[in-house]
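The next block holds one structure in the form of C-alpha cells; read it before the comments.
Every number in this text was worked out from the coordinates using simple rules, so none of it is lab data. From a predicted model like this one, the values you see are computed outputs, not experimental measurements. Virtual Cβ from ideal backbone geometry, glycine too; neighbours counted across all protein chains shown.
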Amino acid sequence: MLETLDAAAVHHWCDGGLEALRAHQREIDDLNVYPVPDGDTGTNLVLTLTAAQEAIESALHEEPRTPLDRLMGRMARGALLGARGNSGVIVSQILRGMADSFATAVTVRGGELARALRLATDAAYAAVARPVEGTVLSVVAAAAEGAGRIRSDSLVMVARAAARAAAEALDRTPQQLPALAQAGVVDAGGRGLCVLLDALVNTVEGSEFEAAPLPVVDVAPAPAHEHGGGDCEGLGYEVQYLLEAEPGAVERLRGVLAGLGDSLVVVGTGDGTWNVHVHVAEIGPAIEAGVEAGRPYRINVTPLEEKRPGADSRGAVVVAAGDGLTALFEAEGAVVVDRNPSTAEMLAAVHSCGASAVVLLPNDANTQAVAVSAAREAEAAGVRVSVVPTRSPVQALAALAVRDDTRPFADDVIAMAEAAGACRYGEVCTAQRDALTIAGPCRAGDLLGLVDGEVHVIGTDLADVSHRLLDRMLGGGGELVTLVLGADASPDLEEDLRDHVHRTWPFIELQSYAGGQPRYHLLAGVE
C-alpha cells in the first residue's frame, strides 16, 4: 500500500486506467442515450488515455527517471492532444489540473491528492463554456469534495473517499439531467471517470482492478433532447493583456468575456499570471472586465477592420468522411480531416494549411470541443483560428460558399457562421439501438430521419423516409435544397428524390452530390 504517489505509481495508474477503460468500453458506449451512430464516450475515452499512455512511454524513453511532476505533465499534455469528444477533452483538463498541482508538491500524500482534485475540478469546468450538472463535471466536483472531507494525510483513505464520492455522484446524475432519467441511464463520461478513479485506488492499494458496479436506474424511457449551440457576434477589435488574478476571479472573467466576443483564450502560467486574448465589438468592456478581475498590464488592442484586405493568408479545416465529400471540400480549398479526429490531428491540419488565419468547421456536436481545443493550441503557436460551430457537412458547404478572403478575417467568420446557421440540416441513418424518440419508439435497424439533430421520421424504406424528411424540412420554408448521398445509396435514389421535390415543391432549386459518406445514407440542407 503506497504512502505517496510517485512517478512509477502514475505510470501504473495510466496503464491500469487504460486497461480498465478498455474492459468497460462497450458498457460506457452503451450508456449513449441517443440512437444515431455517432462516436461513443467509452471509445473516445480509450483513445484519449491511449494518447496519454504513449506520452508517458515517450517521456520515460527520453528520461527513464522522469520525476513525478514532469511525467504527470506529459500525461496531461498527451491526453489533451489525443482527446476525442467532449468527455475526452474534459478528462484531459482534469489530468492537467492534477499535473499543475503536483508541479508544486514536494510529496503527494492524501492532502495533496485532495488539492489536486480541486484544481482538476476547476480546470474541467473552465474547459466548458456552458457547464451542465449531471455530467462528468458533477462527478469530478463530488470526488474533490469527498477527498477534501478526509481529515487525514493517508493517500489510500483520500483516494478511496474520492472514488466513493464520485460513484455516489454518478448515481445522482439522472436526477440532475432529465435526458438521463428519461433514458434510464447514468452519465457516460461520469462513468468513465469513476473507472479511472477506481483504477487509482487499486494502484495505491496495490490490488487487482475492480470497478464499482454500474448503477441501475429504474426509470421508464422517454424522449431525449439534445442541447447546445452558440452565437457569433460582430467583432471589431483584438484585445490582449497579461493579468495578475486569483483563479476564482479568472473563472468569472471567462464567463464575462465569452458573452462579449469570440476567439477567447485564457491561459494560466501557474504563478498567478494569465494571458487573456479575445475578439470583441467594443474595447472598453473587455478591459474593464480585466480590471475587475485583477491587475491587467501589457494591454494591446488591434483594430481588426484596419487590416488590409487579403493581408492574412487564409485556410479552412473541415471534418468529413467519404470520397465525394472530401473532393467537394478540397475543391473549396479546405483541408479535410476524417470524422472523430483527435486534437492533435486537427492541430496538424491547421498547420498544414500554411496560413496565418484558419477557420475550423467540425460538422458534429461531439467534435466541437476538440475543435475548440485545437484552436487554443494553434492560437498559442501564433495562428489565428476561429471555430464555426457547424453540425453537418451541408452547413459547412453553405459556410464555404460565402467565404471571401478579401474581407477582414473576423467579418469573414461572421458571414460563414451566419450562412451555416441559416442552413437547416437533415440526416437519414440507421438506428443503432432501441430507443424512444420524440417521433415515437424505434428499433435497432430502423431508418431515422433527423432534422437539426432530432428524430422526426421513423421507417423502414429509405426513399419513403427521405421523402417525409424533405417534406418536413421544406414545410418550414426554403429556396435551395442540397442533397449529399451516402456510400450505400442506390443508383436510382437521386432521381427519385429529384422527382419528389420537383413534383411536391416545384419552385425549389435542388443540388445533389455523391458524398460517399459512411453511416448516413442521406444528408440534406435547406436554405
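Averaging the sequence gap over all C-alpha pairs within less than 8 Å and six or more residues apart, then dividing by the number of residues, gives the chain a relative contact order of 12 percent.
I'm a student and want to see the number: the projected area of the Cα convex hull of the stretch 7-205, averaged over all directions, in nm². Don't skip to the answer; put the middle values down first.
Details: hull surface 41.1 nm².
Projected area, direction-averaged: 10.3 nm².
Per-residue ellipticity at 222 nm, computed for the chain from helices alone with -39500 (n - 2.57) per DSSP H run of at least four residues, works out to -15500 deg cm²/dmol. When the Cα positions of Val385, Thr430, Gln395 are compared along the charge dipole of the stretch 367-512, Val385 comes out farthest toward the positive end, with charges on each C-beta of Lys, Arg, Asp and Glu. Gain on full extension, evaluated as 0.36 nm per residue between Glu292 and Glu57 minus their Cα-Cα distance, stands at 80.2 nm. Along the stretch 76-85 the Karplus relation, 6.51 cos²θ - 1.76 cosθ + 1.60 evaluated at θ = phi - 60°, assigns HN-Hα couplings of 5, 5, x, 5, 4, 6, x, 4, 10, x Hz to successive residues, with x for each Gly and Pro.
Provide the FRET efficiency to the nearest 0.05 for the Asp323-Asp15 pair, computing r from the beta carbons and using R0 = 51 Å. Each step should come with its number before you reach the end.
Numbers: r = 38 Å, r/R0 = 0.75.
According to the calculation, E is roughly 0.85.
Relative to the dominant Cα principal axis of the chain, helix 41-62 is inclined by about 50°.
Compute the Cα gyration tensor for the stretch 453-501, then decide on rounded, prolate or oblate, letting a ≥ b ≥ c be the square roots of its eigenvalues: rounded whenever a/c is under 1.5, prolate when a/b is larger than b/c in the other cases, and oblate in all that remain. Let's see the in-between values first.
Details: a/c = 1.74, a/b = 1.21, b/c = 1.43.
Verdict is oblate for the stretch 453-501.
Share of antiparallel DSSP beta bridges in the chain, in percent to the nearest 5? So the antiparallel bridges in the chain amount to around 70 percent.
Write down the Å³ per residue value for the convex hull defined by the alpha carbon atoms of the stretch 367-504.
145 Å³
Using the Kirkwood radius built from alpha carbon pairs, what does the Stokes-Einstein equation give as D for the stretch 407-481 at 10 °C and 1.306 mPa s, in µm² per second? All intermediate terms of the calculation are to be shown ahead of the outcome.
Numbers: Rh = 13.8 Å.
Reported coefficient: 115 µm²/s.
Ranking Gly111, Leu47, His12 by Cα position along the charge dipole of the stretch 1-125, where only Lys, Arg, Asp and Glu carry charges on their C-beta atoms, puts Gly111 farthest toward the positive end. Here the label points at Arg443 and Ser207, each 7 Å from Cα along the C-beta direction, are separated by 4.4 nm in the simple model. The C-alpha atoms of the chain occupy a region whose extents along the principal axes are 75, 58, 41 Å, arranged from largest to smallest. Diagonalising the gyration tensor over the Cα atoms of the stretch 314-420 and scaling each eigenvalue by 5 before taking the square root yields semi-axes of 17, 17, 13 Å, largest first.
Convex hull volume of the Cα atoms of the stretch 424-526, normalised per residue: 84 Å³. Distances between placed amide hydrogens fall under 5 Å for Ser512 paired with Leu483, all partners being 5 or more residues away or on another chain. Of all stretches in the chain that contain no chymotrypsin sites (Phe, Trp or Tyr not before Pro) in a DSSP loop with at most 16 other Cβ atoms within 10 Å, the longest one is 210-506.
The residues neighbouring Thr482, those whose beta-carbon lies less than 10 Å from its own, together hold a net charge of -2 under the Lys/Arg +1, Asp/Glu -1 convention. Here the chain is assigned +1 on the Cβ of each Lys and Arg and -1 on the Cβ of each Asp and Glu. Its dipole about the Cα centre then comes out at about 1080 debye. A simple count of charges around Arg252, restricted to other residues whose Cβ falls under 11 Å of its Cβ and scoring Lys, Arg +1 and Asp, Glu -1, yields -2. Under 13 Å from the Cβ of Arg26, count the other residues' Cβ atoms, weight Lys and Arg +1, Asp and Glu -1, and hand me the total. Within the 13 Å Cβ shell, the charges total -1.
If you average over every viewing direction, what projected area does the convex hull of the Cα atoms of the stretch 396-451 give, in nm²? Mind showing how you got there, number by number?
Details: hull surface 19.7 nm².
Averaged projected hull area, Cα only: 4.9 nm².
A DSSP coil position with no more than 14 other Cβ atoms inside 10 Å describes the following trypsin sites (Lys or Arg not before Pro) in the stretch 59-90: Arg65. Charges were assigned to the Cβ only: +1 to each Lys and Arg, -1 to each Asp and Glu. The resulting dipole of the stretch 373-494 about its Cα centre is roughly 320 debye.
R0 = 56 Å: FRET efficiency of Thr104 with Ser356, Cβ-based, nearest 0.05? Display every interim value, and only then the final one.
On the way: r = 36 Å, r/R0 = 0.65.
Rounded to the nearest 0.05, the efficiency is 0.95.
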